[in-house]
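Q: Following this message is one structure expressed as structure tokens.
The values are calculated or read from the model by the stated rules, or taken from the named source; none is laboratory data. Quick caveat: nothing in here was measured; it's all calculated off a predicted structure. Backbone-built Cβ (ideal geometry, glycine too); neighbour counts: all protein chains shown.
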Ligand code: PLP
């Protein structure tokens, strides 16, 4: 199909051209005396993205799933007790991993469309007088349902219960798109991947560990090898890796971080919020509902849209892909067929999203959903026009001359 594919799954996300170019590199010696210049700058700058001064960043050749495993196996002992909440496919998969690794998991079953329940977490921690619970694990942004949990509230719940368990947070689809405050929330293990807000291909599992987590890893008895923090720390301290790193991904990460810092993290978060609000305005205009049950759960990186009874969401996605070259996210497991998702994270702007909203609108009409063509695009466009965050500025003399040339009104 001609033209660009419109990639609107919630990861992998669009990669900026300059990041693609930065990854187009010849191979080099990863043990050279120059190589640490690159790696050290990545460790330092990733800390800024996690908003931590005290945390230690690990970059594993892996993905978010490997980051989960690294976090759990390094810092816990076999059979340790964990508290986790299931409210979507990714929180489910993390629970599944913890159980398969033999941890004793206390699971809160939540509605898919809600987030982690701080009150219940506090209750179970208060009841744990002997401090048998070693970790509370929360998925910050549940990509399957478009729900963002309140990590600050979970931390408050832990503090209220005066419980020493460590806080494990999955920031796979929030980091570098939704504000993440590792130090302020006193997150012990933050986990992410390269293919979402960091605008890179999949291939890196990124973990940030607090000093308390590093101490736990030094004493943890859980068997691990490839993901061992200790091996990484030893090599990383001098700017190297205990194995052969992926050079293109690391060079790409350098450029992706430059892109993020040039925009400024706060502007990145504000842009994601604005883009998400436009999508939500479109959904309202279509007369459809979000999977996220209440505004407090709305995600700024992915919107999961429920399709009407009798319609299969997978059908919308397939028509969008085959007919309009638009990739939308599918409903996963429990919500398969019930919804489709628009991912709005990474390297995106308003017009790109209007294209995706337009494509979704056409695909929905094609499969028999009663939506008025143009209604969602119009609502989003209206929102984007009226909420333009660019401060009004004086037009320069040069711009006036340029505009006059192009409209033919300048006589000289
Ligand atoms: N956690 C969340 C919230 C995710 O969205 C994903 C993947 O989309 C994962 C974990 C798993 O990450 P990966 O596919 O990079 O292993």
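Q: Any residue at all in region 191-212 that's part of a helix (DSSP H, G or I), at pLDDT 95 or above and either touching a strand residue (DSSP E or B) at 6+ places or on another chain (Cβ under 9 Å) or loosely packed, with under 15 Cβ neighbours inside 10 Å (or both)?
A: yes
Q: Suppose we filter region 89-146 for residues that are under 23 Å from the mean Cα position of the chain (by Cα) and either assigned to a loop (DSSP other than H, G, I, E, B) or modelled with pLDDT under 95 (or both); how many remain?
A: The total comes to 11.
Q: I've got another one for you. Identify, by number, the condition in (1) within 19 Å of residue 164 (Cα to Cα); (2) without any contact (Cβ under 8 Å) to a residue 40 or more places away in the chain; (3) surrounded by 19 or more Cβ atoms within 10 Å (Cβ to Cβ); (4) touching a strand residue (DSSP E or B) at 6+ places or on another chain (Cβ under 9 Å) that residue 110 doesn't meet.
A: (1)
Q: State all residues of region 2-19 that are over 25 Å from residue 143 (Cα atoms) and touching a residue at least 12 places away in the same chain (Cβ under 8 Å); if no residue qualifies, say none.
A: 3, 18
Q: For region 111-146, what are the residues that are within 14 Å of the ligand (Cβ to nearest atom) and within 23 Å of residue 72 (Cα to Cα)?
A: Hits for region 111-146 are 115, 116, 137, 138, 139, 140, 141, 142, 143, 144.
Q: A follow-up question, please. Any residue in region 147-173 that is under 24 Å from residue 49 (Cβ atoms) sitting within a Cβ distance under 6 Å of a residue that is assigned to a loop (DSSP other than H, G, I, E, B) and more than 16 Å from the ligand (Cβ to nearest atom)? List the pairs, counting only those 6 or more apart or interchain.
A: The qualifying pairs are 151/185; 152/185; 155/185; 155/186; 166/188; 167/188.
Q: Something else about it: May I ask you to list the residues in region 62-83 that are within 12 Å of the ligand (Cβ to nearest atom) and over 12 Å from residue 189 (Cβ atoms)?
A: Passing the criteria: 62, 63, 64, 65, 66.
Q: Residues of region 159-172 being surrounded by fewer than 23 Cβ atoms within 10 Å (Cβ to Cβ) and either assigned to a helix (DSSP H, G or I) or within 8 Å of the ligand (Cβ to nearest atom) (or both), which ones?
A: 159, 160
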